[in-house]
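> Handing you a structure now.
The values are calculated or read from the model by the stated rules, or taken from the named source; none is laboratory data. Here the structure is a predicted model, which means the values were calculated and not measured. Cβ placement follows ideal geometry from the backbone for every residue including glycine, while neighbour counts extend to all protein chains displayed. These accessible areas exclude ligands, DNA and RNA; they are computed on the full protein's heavy atoms, side chains included. Shrake-Rupley method; radii C 1.70, N 1.55, O 1.52, S 1.80 Å.
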Amino acid sequence: FITSPGDITPDSFLDQGEPFFPDFVDPNEAMTLEVVDYDSDTGTPRPFKVSFTGGKWLIPSHHNYLADGADRLSKTAAGVIGIIKDDFRSDNAGEHEEMGVLDPLDNTSASLQGRGQRVTIKGANEAILADFIVGNEVENRPGFRFVRVPEQKRVYAVRMDIDISTNFSDWIEADLLEVEKSKI
């Protein structure tokens, strides 16, 4: 009993339970959100960007349209801060397509399928606070998605409750005058 070896934990599981981005702790640091979806029909990435520039929230991907994005961006950033490496799934790059975590910006991959949604949050001076790829939903685990950091092969199953919208209408004030119809 005394000389028997202790439990050995494989290296793959050592970082389980840790946050993806331990240095990103304040959602108010986020100044830019970039989301890249992939259109498998045309084989092209579709970028969407919201940025705080010149004291205004703008959508540079839509001709610098004025955005109503401060609250939405801080909620998204707070959700990203809470992402934890829940379950290690794979270190095999060959499984990335099946999990939907191929980088939509990767021009070297010939596959039109299996591309995820790349999310990048930047702070002041374009410093990257978080950069990850959100893949498919995990089968038989509601609320879990496959997630991978772009420069790494390792994929995790992660509980995510983040609304990462790339719909233009979600980031603007639809009622520009903010006047009720009955008052007119």
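> Exactly one of these conditions fails for residue 70: (1) modelled with pLDDT under 90; (2) open to solvent by 60 Å² or more (accessible area, probe 1.4 Å); (3) touching a strand residue (DSSP E or B) at 6+ places or on another chain (Cβ under 8 Å). Give me its number.
With (1) modelled with pLDDT under 90; (2) open to solvent by 60 Å² or more (accessible area, probe 1.4 Å); (3) touching a strand residue (DSSP E or B) at 6+ places or on another chain (Cβ under 8 Å) applied to residue 70, the lone miss is (2).
> Is one or more of the residues making up the range 114-124 under 16 Å from residue 81 (Cα atoms), free of Cβ contacts under 8 Å to residues at least 60 places away in the same chain and buried (at least 17 other Cβ atoms within 10 Å of the Cβ)?
No, every residue in the range 114-124 fails to be under 16 Å from residue 81 (Cα atoms), free of Cβ contacts under 8 Å to residues at least 60 places away in the same chain and buried (at least 17 other Cβ atoms within 10 Å of the Cβ).
> Shifting gears a bit: Kindly indicate which of 127, 93, 78 is surrounded by fewer than 18 Cβ atoms within 10 Å (Cβ to Cβ) and modelled with pLDDT under 85. Talk me through it step by step, then tell me what you get.
Values: 127 fails: modelled with pLDDT under 85; 93 fails: modelled with pLDDT under 85.
Step by step, each of 127, 93, 78 is checked, and only 78 is surrounded by fewer than 18 Cβ atoms within 10 Å (Cβ to Cβ) and modelled with pLDDT under 85.
> Tally the residues that are open to solvent by 20 Å² or more (accessible area, probe 1.4 Å) and either of a type in the set (Asp, Glu) or without any contact (Cβ under 8 Å) to a residue 40 or more places away in the chain (or both), restricting the search to the range 133-147.
Number of matching residues: 8.
> Still on this structure, please answer the following. Checking residue 135 against (1) assigned to a loop (DSSP other than H, G, I, E, B); (2) in contact with a Phe, Trp or Tyr (Cβ under 7 Å, 6 or more places away or on another chain), which test does it fail?
Among (1) assigned to a loop (DSSP other than H, G, I, E, B); (2) in contact with a Phe, Trp or Tyr (Cβ under 7 Å, 6 or more places away or on another chain), the lone unmet condition for residue 135 is (1).
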